[in-house]
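Have a look at the structure below before the remarks.
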Amino acid sequence: MKIPSVTKLYGEARETFQRFPFVILSSIIGAFIMIYIIQVDATGSDYYYLQNAVVCCGLGISFLLSLTLRNEVFKLSRTQNTIIQGVGVASLVLYYFWLPKELGEIEITRSLLFALGLHLLVSFASFMNNEGDRQENINAFWRFNKLFFIRILTSVLFSGVLYIGLCIAIVSFDKLFDVSIEGKIYPQLFYFILGVFNTWFFLAGIPQSIQDFYLEDVYPKGLKIFTQFVLLPLVTVYLVILYLYMGKIIIQWNLPEGWVSYLILCFSITGIFSLLLIYPIRDYAENRWIKIFSKSFYIALLPLIVLLFTAILTRLFEYGITEKRYFVFVLACWLTFISLYFLISKTKNIKIIPITLFILAFGVSFGPWGAFSVSERSQMGRLEKLLINNKILVDGKIVPAKEKINPKDEGNISSIVYYLSQRNSIGELKKWLGTGLDTILTKEKY
């Protein structure tokens, strides 16, 4: 194995930067802001501009990467690419000014949804063309995401080894030479490697031409072994456990536990991911079992989806809607659609998985139909009903309770008020309490 020269490494790094300048700059800027935040201990609302900048830089990595890859499909010039990337940067700047001074649970969750959606956008941005339903295009889409998956694992491995090695070197230097080194250097080093080395190294492995993914390649034997002897057995174990639990529910005629929703989602995601990994070899004569397993999986998923709806709807009717329950319900609807699609459709285009998840990630993150607005209205409705039933809300105003409140209702009222306070929505109570709410309900008194 020939060790590459420093000149060659520098040349490859320069070519990568010239190809992805905005992506790399976004990652580097975010990393150095984090290093500065750690250095000056910049916490709290006084440093909101730094925290919000990090959020936008993080989103910019996937967003600007998807724009670059899409531009390469159309073979745009460097000037055209720069203009489009500039529009992308302007969008991130607008999002920066839209973020509040203090990131609450809603803003953090929404940003995570955006991050998920933009990661999914990278997976299919290069393959949204007129050949969308052609098998060559679908296979190229699979090879592209296989490469990304392997590059992510490789980058994490290399970055992890580099980080651990440098940390040991710093500790050794500290102990051997009796030099006092601040503990801040370790998280700072982590963000430097993550934002500079990891991103740069990852991008360097992306082929220059998207046409490379349309060429037939050899399916990795290790991937088949991992899927066939690790993931699929796990799916089978999940399936047996869930069907045994479903049998217990039917025999005892009890409502399902709430946590079973997460188990069904884990089973479904693991199963779908396993089938995606072995998708290209499903038509080989020796792998006919894959098509049988795939069809059986989606058939077996349907009764579990019914169990999933039963579990989540039970919680919705009893405790109202929260963001977590909203997301579980939406994912249950998505699983129903995906299962029916792969059972009925003749095309079975696997691109529909990331595309629909991308639409959901952005669709549920804002608007009156979004998770946060729906959850707030649901909990406010529950609170209003509880207060009226206990004669605390009279003629639209809160009055002292004249009778002892039921302990269960008292707990529910307390938890709803806490829920609203955690989401900076306590101001919704002004209509019942009148003026002065801002002074009596400071953050320290929630």
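The values are calculated or read from the model by the stated rules, or taken from the named source; none is laboratory data. Because the structure is a prediction, the values reported are computed rather than measured. Please note: Cβ atoms are built from the backbone with ideal geometry, for glycine as well, and neighbour counts cover all protein chains shown. All accessible areas refer to the heavy atoms of the entire protein, side chains included, with ligands and DNA or RNA removed. Shrake-Rupley method; radii C 1.70, N 1.55, O 1.52, S 1.80 Å.
For a 26 Å ceiling on Cα separation, which of these pairs sit above it: 146/291; 75/351; 146/348?
Exceeds cut-off: none, every pair is within range.
Rounded to the nearest 0.05, what FRET efficiency do residue 168 and residue 82 give with R0 = 35 Å and r taken as the Cβ-Cβ distance? Could you check?
Given R0 = 35 Å and the Cβ-Cβ separation, E is 0.25.
If eta is 1.002 mPa s and T is 20 °C, what Stokes-Einstein diffusion coefficient results for the range 382-435, Kirkwood Rh from Cα pairs, in µm²/s?
186
Take the chain, connect every pair of alpha-carbon atoms lying under 10 Å apart with a spring to form a Gaussian network, then pick out the residue of 47, 298, 191 with the largest mean-square fluctuation.
Comparing 47, 298, 191 in the GNM, the peak value goes to 47.
Once you have the Kirkwood Rh of the range 326-410 from its Cα pairs, apply Stokes-Einstein at 37 °C and 0.692 mPa s and quote D in µm²/s.
Answer from the Stokes-Einstein relation: 201 µm²/s.
For the range 402-429 and the range 315-344, what is the centre-to-centre distance using only Cα atoms, to the nearest Å?
27
If each DSSP helix of 4+ residues adds -39,500 (n - 2.57) and the sum is divided by the residues in the chain, what number results at 222 nm, nearest 500 deg cm²/dmol?
-23500 deg cm²/dmol
Rounded, prolate or oblate: which one fits the range 66-206, using the alpha carbon gyration tensor with axes a ≥ b ≥ c (rounded when a/c is under 1.5, else prolate when a/b beats b/c, else oblate)?
prolate
Solvent-accessible area per residue for the chain at a 1.4 Å probe radius, Å²?
57
Could you size up the charge dipole of the chain around its Cα centre, putting +1 on the beta carbon of Lys and Arg and -1 on that of Asp and Glu, and report it in debye to the nearest 20?
900
Under 10 Å, Cα contacts only: if you run a Gaussian network model on the chain, which one of 235, 171, 23 comes out with the highest mean-square fluctuation?
Ranking 235, 171, 23 by mean-square fluctuation puts 171 first.
List the equivalent ellipsoid semi-axes of the range 168-218 in whole Å, largest first, each obtained as the square root of 5λ for an eigenvalue λ of the Cα gyration tensor.
They are 41, 12, 6 Å, listed largest first.
May I have the pair-distance distribution P(r) for the range 1-141, computed from all Cα-Cα distances with 10 Å bins from 0 and rounded to whole percent?
Bins of 10 Å from zero give 10, 32, 30, 20, 7, 1 percent of pairs.
Would you report the distance distribution of C-alpha pairs in the range 58-144 as whole percents per 10 angstrom bin, up to the bin with the largest distance?
Going out from 0 Å in 10 Å bins, the range 58-144 shows 16, 39, 29, 14, 2 percent.
Two decimals is fine: what's Rg over Rh for the range 70-117, C-alpha atoms, Kirkwood radius as Rh?
With Rg and the Kirkwood Rh in hand, the quotient comes to 1.15.
Given that compact globular proteins tend to follow 2.2 N^0.38 Å, what is the ratio of the alpha-carbon Rg of the range 139-285 to that value?
Ratio of Cα Rg to 2.2 N^0.38 Å: 1.55.
What are the semi-axes of the equivalent ellipsoid of the range 140-199, taken as the square roots of 5 times the eigenvalues of the Cα gyration tensor, listed largest first and rounded to whole Å?
Semi-axes, largest first: 34, 10, 5 Å.
Not counting ligands, DNA or RNA, and with a 1.4 Å probe, what is residue 173's accessible surface area in Å² rounded to the nearest 10?
Counting only protein heavy atoms, the figure is 100 Å².
Can you tell me the mean projection area, over all orientations, of the convex hull of the range 256-301's alpha carbons? Units nm², please.
Approximately 3.3 nm², given one-decimal rounding.
Under a plain spin-label model, where a point goes 7 Å from the Cα along Cα-to-Cβ, how far apart in nm are residue 101 and residue 156?
Those two pseudo-labels are separated by 3.8 nm.
Viscosity 1.567 mPa s, temperature 4 °C: what is the translational diffusion coefficient of the chain from Stokes-Einstein with a Kirkwood Rh over Cα pairs, rounded to a whole number of µm²/s?
50
Which percent of the accessible heavy-atom area of the chain goes to carbon and sulfur, probe 1.4 angstrom?
It is 67 percent, rounded to a whole number.
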